[in-house]
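Everything on this sheet refers to the single structure shown next.
The values are calculated or read from the model by the stated rules, or taken from the named source; none is laboratory data. Nothing here was measured: the structure is a model prediction, and the numbers come from that model. Cβ atoms come from the backbone with ideal geometry, glycine included; neighbour counts cover every protein chain shown. For the accessible areas, the whole protein counts, side chains as well, though only heavy atoms, and no ligand, DNA or RNA atoms are used. Shrake-Rupley method; radii C 1.70, N 1.55, O 1.52, S 1.80 Å.
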Amino acid sequence: MNRIDLVRLRKRAGMSQRELAELLQVRPSFLSAIENGKSRLPEEKLAKIKEIFEIDSFDDYILEEDMENINFVPPHTHTDTADSLTHLLTHFHDLAHKNSHNSPDPEYLARLDFLLKRNERLSVRVDDLRDEVDTLRNENIRLKELLMQHGISYK
């Protein structure tokens, strides 16, 4: 199976990963996983990508891959609205508030609120760290290319 070279498309347009993620309405960490072959590009995003980059086909941007050796991260865990843990915590929070015959335990509600806020902070932190890893990976590649250009070996 093949995947689209979003990195080349994005860089050709002079666009950052965060900018493209915003336009596609996904988390930067999910876009990073797609670009690195760890997640599949949702089918519903294909038309949006063509629109963003003003192309008619992906023929010039196809990467061939061995799909048997890739561990995919499910896309629902990286959507822009909320990840699956946030959905679960929200569900528990809603259930606690809908409990009509018993008043909800204030400690339970406070704990759920705390976990929802903590999850959001951690999600933002993960996105920032993935961006940092991508930046460092690109710098590493650039430095290796410089070493090769000057005939210096590295290990």
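Name the pairs whose Cβ atoms lie under 7 Å apart, with the first residue in the stretch 123-145 and under 19 Å from Arg27 (Cα atoms) and in a helix (DSSP H, G or I), the second open to solvent by 90 Å² or more (accessible area, probe 1.4 Å) and modelled with pLDDT of 90 or more, and 6 or more positions between them or separate chains?
Cβ pairs passing all conditions: Asp131/Arg18.
Would you check which residues across the stretch 22-46 are in contact with a helix residue (DSSP H, G or I) (Cβ under 8 Å, 6 or more places away or on another chain) and free of Cβ contacts under 8 Å to residues at least 24 places away in the same chain and list them?
Passing the criteria: only Lys45.
Can you tell me how many residues within the stretch 134-155 are open to solvent by less than 70 Å² (accessible area, probe 1.4 Å) and either within 22 Å of Ile34 (Cα to Cα) or β-branched (Val, Ile, Thr) (or both)?
So the answer is 1.
Taking Thr90, is it among the β-branched types (Val, Ile, Thr), at pLDDT below 85, open to solvent by less than 100 Å² (accessible area, probe 1.4 Å) and under 30 Å from Pro42 (Cα atoms)?
Yes, satisfied.
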